[in-house]
1. For segment 156-177, state whether one or more residues are in the same structural domain as residue 44 (by TED's automatic domain parsing), on the phi < 0 side of the Ramachandran plot, more than 16 Å from the chain's Cα centre (by Cα) and at pLDDT 75 or above.
2. Given the criterion touching a Lys or Arg at 6+ places or on another chain (Cβ under 8 Å), modelled with pLDDT of 75 or more and closer than 30 Å to residue 45 by Cα, identify the matching residue among 119, 137, 105.
3. Quick one: which helices (runs of 4 or more DSSP H) lie wholly within segment 27-135 and hold at least 2 residues that are over 22 Å from residue 15 (Cβ atoms) and touching a residue at least 60 places away in the same chain (Cβ under 8 Å)?
4. With respect to residue 202, determine if the residue is surrounded by 15 or more Cβ atoms within 10 Å (Cβ to Cβ) and in contact (Cβ under 8 Å) with a residue 24 or more places away in the chain.
Amino acid sequence: MVKPTKKATKKAQLKVEYVPISRLKPFKGNPRKNAEAVPEIVRSIEYYGYTNPILVRRANNEVIAGHTRLLALKETGADKAAVIYLNMTAKQARAYGIFDNKSTENTEWDVPKLSEMLEQLSAGGIDLDKMGFSSDELAAMSKKFDIEEADMPNLQSGNRSPFQQMTFTLHDDQAVTVKEAIEKAKGKGEFSGPNENSNGNAIARIAEAYCG
C-alpha cells in the first residue's frame, strides 16, 4: 500500500470555521441555476440542522462550492456559516466548482433499493418530504396498493418457487386505473387455487381476460 506523503497529508487536513455570512462572496459568474433548490435546502436545514460546510477561497472569501446552501442559510436568518477555506487560484476554484456540481450528476439511483429504503424510513416515522424528492418522484417509487399478508412464502425478493413477486412503477393516473381494474376483477367472484393473495389473483384474472 502506498502511504501518502507528508505534503499530501497536510493538504488533506481540513478545518471547519464559522464566519459571518456577510463576509462570504458568491461567485457572480456561477453557471449553476440554484434558486429553485433553495426551499428544499431550507427545509433540510430546519429538519436536520446545518451539516454541510461551504467551500470558500481563502484569498478573497469567494464561494467555490455551496452557493445554494449559502442562499438557504440567509433564508433561515442565520448570521454565521460553517466554511472550509481552500488555498486555490481563481482558475482552480472555477474548475473545482464545476466538478463539485457535475460529479453529483454522474451517478444514478438503484430505484428498487431506494424505494425499499424509503418505505422502511417512512414506516419508522421519518418524514419523506425531507428527503429532497418531489411528491411526484416519491409517488413513482411508492407502491400504489398494499400487498396483503397471506399464508405463503415470505417473498422478500425475486422468485420463491412456486410463487413470484413482481414490482411495478406506475404513474398516479395509471395507479388509479389499476386499482379500479383489480377491484372489478375481485368482484367477479371468489378465486380458486393455492394463491391466497387476492391482489395477485385479481391481476392474473385480468391478464387471462386480456390474453383470451
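The values are calculated or read from the model by the stated rules, or taken from the named source; none is laboratory data. These numbers were taken from a predicted model, which means no experiment stands behind them. We place every Cβ from the backbone using ideal geometry, glycine too, and count neighbours over all the protein chains shown.
1. No, segment 156-177 has no match at all.
2. When all the criteria are applied, what remains is 119.
3. Where helices (runs of 4 or more DSSP H) fall fully within segment 27-135 and carry at least 2 residues being over 22 Å from residue 15 (Cβ atoms) and touching a residue at least 60 places away in the same chain (Cβ under 8 Å), they are 38-48, 90-102.
4. Considered against the rule, which asks whether it is surrounded by 15 or more Cβ atoms within 10 Å (Cβ to Cβ) and in contact (Cβ under 8 Å) with a residue 24 or more places away in the chain, residue 202 comes out as no.
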